Each structure stands twice: as structure tokens, then as C-alpha cells.
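Visitor: My questions will all concern the structure given below.
The values are calculated or read from the model by the stated rules, or taken from the named source; none is laboratory data. Computed from a predicted structure; not experimentally measured. When we count neighbours, we look across all protein chains shown, and the Cβ atoms used for this are built from the backbone with ideal geometry, even at glycine.
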Amino acid sequence: MTREKQAALAAIEARAEKITDVADQIWEYAELSLQEEKSAALYCEALREEGFRVEEGICGIETAFSASYGSGRPLIGILAEYDALSGLSQKAGSTQREELIPGGCGHGCGHNLLGAGALAAAIGVKTYLEQRERQGTVILYGCPGEEGGAAKAFMARDGLWKELDAALTWHPEDVNEVATGSSNACIQVQYKFEGVASHAAAAPELGRSALDAVELMNVGVQFLREHMSDKARVHYAITDGGGCSPNVVQPRASVLYMVRSNRVAEAVELQTRVDRIAQGAALMTDTTFERKFIDGVADTVSNFALERVLYENFSELGVPHYTQEEHAFADALAKTYPGSDKTPGVAAENDSALREQVEEQRRQCGHAMNEFLAPLYRGDAFDPGSTDVGDVSWLTPTAQIHVASWPNGCPGHSWQNVSCVRTKIGHKAALHAGKVLAAGAIDLFEQPELLREARAEFEKRTTAGYTCPVPADAVPTIPD
């Protein structure tokens, strides 16, 4: 390992307590999408203390920010997230369901670690730039609302990511690996129907049922399913049924839709068909409706060149290791959910030979924490989930890693995750992720040919052009 990398990693280690304290404080705040005022303020304060130039409220999003250090090119972006999930309040380090705050929120996706790991990476790269006294800029982007709000997509609409030479990020997971493959684009829209209330027995002819409109819309979408792409998905939830009295014609009702497809342009097209079904339902019931755009994200574009750089550094740095006590906690937590024996990782999911390799690694590990680096997969892969990292990847070469932050097979968005990400296991994941990303970024600064290779691949993969799923007049919001 070069002296430059060693100095960067030493800077992260020297600030380990500060970084993990930030992770724990964000865990305590547990703020929902687009409401992360305390979390964003904490990051901005920590970054200013480290000498970064901080700009708050970027792209018109109150809880978004950027923090830069250096000057000139290349421009390397590090992506941070810090929003929590509702209904997941949980005591830390517990192996049973114990709410910390009844009905409260929790970091079931580990975003308290995600942001802290990005902070660690930015500090490491800043140290490198400081000592080398060379051209180059690192920018940490605070990206709120990943769980509902899709700030990165709104930033993409405003062209923010185009200026970067590359973007790097990570996500807590149950396995150590370099992520790859595409994901589903997703558009979320709320339909709020308005009708006329009336006595359902005495004067039904005077009523116009908004609930009927919602039900007819849902039926229309069911018939649409026959005529969608195999990889497309449409989900809905009735968020307001109009009341609880069956003898009243319901004057209002709302339904929230999510439209997914493996290509963002197809998702946008499918969304227009769902909009027409809403119009038809309103016509059939003589009601009106308001269409409220919530968010939209694009599919993810892989970049094998960047992924290789991250894998080489991950291999050199190894993976987090755990104490006997930490292993015992993880093993006990793994007994609280089914599926703890699954074979993890994108490589195992897409290649039978690599699957055998991962299974052997798990056997040798012998504990619930996956204390190994999964093999690098370089082929077509698809995750039916969605992320606004996809919008970044359409505008600049982008890559991300996963670092084991909870036991094998631990379900996403679970109380088990919340419990684990405020322990030493979670701390180790955030610090290690920061080191891998920093080391990878340093290679990009030191070896311009890597960025040229990544850019050439990016241009080839994005010849169709970026279709932004966010309308020009939309503003970040959450469902009513």
C-alpha cells in the first residue's frame, strides 16, 4: 500500500471516535425522509471542523448539502444518506424486539452508518489532497430522502452530477462485496379523489363516491398488468378510504402508487398509462382527482472499471473482524429471523460456480457475520429494488460497495438492523467502508487512465440518454 493511502487511512483511524459518534447521534435522531434537519446540521458542523467548504440547502432541498475540499479536476463525489424509517424504534444491542420510543423511527437500513462511512472517506481523501498538494477535489454530498423523496433524482434533474468525474458510495448489508448490476426504476404518485357526500340509503343518487373511483382505478391497473413488461411492477396502497361509515357515500379517498420497470424510460411510459386509468376512474364516477408526484428514481448503470478499482482496494484492506462477544451477539440475533442460512451476495446469486465459493467461505467463517470478501462479479445482474443512486449513475461513472453491518440474511428494514447498527459491529462497518472508498478514490486521483477507462465505459452504457423520472415542476415531498 502506498504511503499516500497509509496516511489517508491513518487520518480516518485517528478520527474513528468522532466518526462513530456521528453515526450514533444520527441513530438517535432517526429522522424521516426530507425531515433530517438535525442530521444534516451535524454533518455540516463536522465537515466544517475538518476544513471543508460547506454549502447547505443545495438544489432547493433544505436538508441536502455539499462539502468540498481541494481545487480543480478530477472531481470525485462521495454520496451520503442519513434518513430513517417509521415504526422501527428499537433498543441498540438487543436480541429481542424492544421499542426505544413507542411508535418511533429507526435506522432499519443503516443510513446512520452510510453517512458516517462517507464522512470517513471524505476525510481520508482530504488528507491525501492536503499532503500531496496537487490538483483535485473531493465533494461529499448529503443526500436526504432515499427512503422516500429521492433527493439524488431531483439533483440529477438539476444536472448536479454531470460535473463529476466519478461518484463512489456504499451501503450497509449482510455481506462484504462490490455491488454491480442494474435495478428497477421507480415512480411514486399519489392520487387524491374528491366526490360528493350523501346518505347512502336515502339519497345515493346525489352522492359521487371517491372510494368507488379508487377501487375502479385499482381494477383498471389489474387489467394493465397483462400488458406490462415481465420486469415491470406496480404496487399500491389505499392511504385514505374516506371514512368508516358505510352508510355515507365517501366524498374523498386516496391511493398511493409505485410504478417500476428495469428501464427508466419504460417506467415513465408505464406511469402515463396509470395516469390515464386514474382519469378514466374519475370519469366513470363523476369525481375529480389531484395527482401528486412524490418521487422517481432511475435504474442503475454498472461501471466495471470503477468496480474493479474498489475490489482491488477491498481485497488489499481485507474485511472487518469481530470479537468473541460480537460474534455471540450476531449469532443470537440471527436466531430471531428466518433465512439466516441463505447464500449472500450478487456473485452467488448470478453465478453457480461463485455461489459454491461463497458457500465455502461461509462454512469456513462459522458465524452469522460474513467475515469474508465475496468474489467480484462481472456480468449482467438485476436487483428488483430501487435506489436514487441510479440517477447519479446515468450522469457520471458510479460504483458502490457493501460492507457487512448485520448478520447473514438479516431482513431489510427490520428492528434487527436497527439494533445492530448502533454496536461495534456497525462502527467497524462504517470505518471500513470509508477506508475502502478513500483508497479507491486515491487511485483515481493518482492514475488518470482509470478515470478515462471508466468514462469510456460510461459513455457506451448510456448511449440511450438519461430520461429523468422527475417532472420539471416537481418539488421534493412526502405522501399526505
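Visitor: Please tell me if residue 259 is under 24 Å from the mean Cα position of the chain (by Cα) and either crowded, with 18+ Cβ neighbours inside 10 Å or more than 30 Å from residue 391 (Cβ to Cβ) (or both).
Guide: The answer is yes for residue 259.
Visitor: Of the conditions (1) surrounded by fewer than 24 Cβ atoms within 10 Å (Cβ to Cβ); (2) hydrophobic (A, V, I, L, M, F, W, C); (3) touching a Pro at 6+ places or on another chain (Cβ under 9 Å), residue 406 clears all except one; give me its number.
Guide: Result: residue 406 passes all but (1).
Visitor: Considering 438, 456, which residue is hydrophobic (A, V, I, L, M, F, W, C), in a helix (DSSP H, G or I) and buried (at least 20 other Cβ atoms within 10 Å of the Cβ)?
Guide: 438
Visitor: Restricting to segment 170-214, give me the number of residues that are surrounded by fewer than 18 Cβ atoms within 10 Å (Cβ to Cβ), in contact (Cβ under 8 Å) with a residue 24 or more places away in the chain and of a type in the set (D, E, K, R).
Guide: Going through segment 170-214 one residue at a time, the tally reaches 1.
Visitor: Tell me, please, whether a residue that is touching a Lys or Arg at 6+ places or on another chain (Cβ under 6 Å) and either over 15 Å from residue 19 (Cα atoms) or not in a helix (DSSP H, G or I) (or both) can be found in segment 119-135.
Guide: No, because not a single residue in segment 119-135 is touching a Lys or Arg at 6+ places or on another chain (Cβ under 6 Å) and either over 15 Å from residue 19 (Cα atoms) or not in a helix (DSSP H, G or I) (or both).
Visitor: Identify all residues within segment 374-420 that are in a loop (DSSP other than H, G, I, E, B) and under 16 Å from the mean Cα position of the chain (by Cα); write none if there are none.
Guide: 384, 385, 386, 387, 388, 394, 405, 411, 412, 413, 414
Visitor: Is it fair to say residue 366 is over 30 Å from residue 158 (Cβ atoms) and free of Cβ contacts under 8 Å to residues at least 40 places away in the same chain?
Guide: Against the criterion (over 30 Å from residue 158 (Cβ atoms) and free of Cβ contacts under 8 Å to residues at least 40 places away in the same chain), residue 366 qualifies.
Visitor: Only one of 220, 296, 280 is modelled with pLDDT of 95 or more and exposed (fewer than 15 other Cβ atoms within 10 Å of the Cβ). Can you tell me which?
Guide: On inspection, the qualifying residue turns out to be 280.
Visitor: Also, quick follow-up: Quick one: is residue 148 closer than 30 Å to residue 79 by Cα and modelled with pLDDT under 95?
Guide: yes
Visitor: Might you let me know whether segment 141-158 holds any residue that is in a strand (DSSP E or B) and either surrounded by fewer than 24 Cβ atoms within 10 Å (Cβ to Cβ) or on the phi < 0 side of the Ramachandran plot (or both)?
Guide: Scanning segment 141-158, I find at least one residue that is in a strand (DSSP E or B) and either surrounded by fewer than 24 Cβ atoms within 10 Å (Cβ to Cβ) or on the phi < 0 side of the Ramachandran plot (or both), so the answer is yes.
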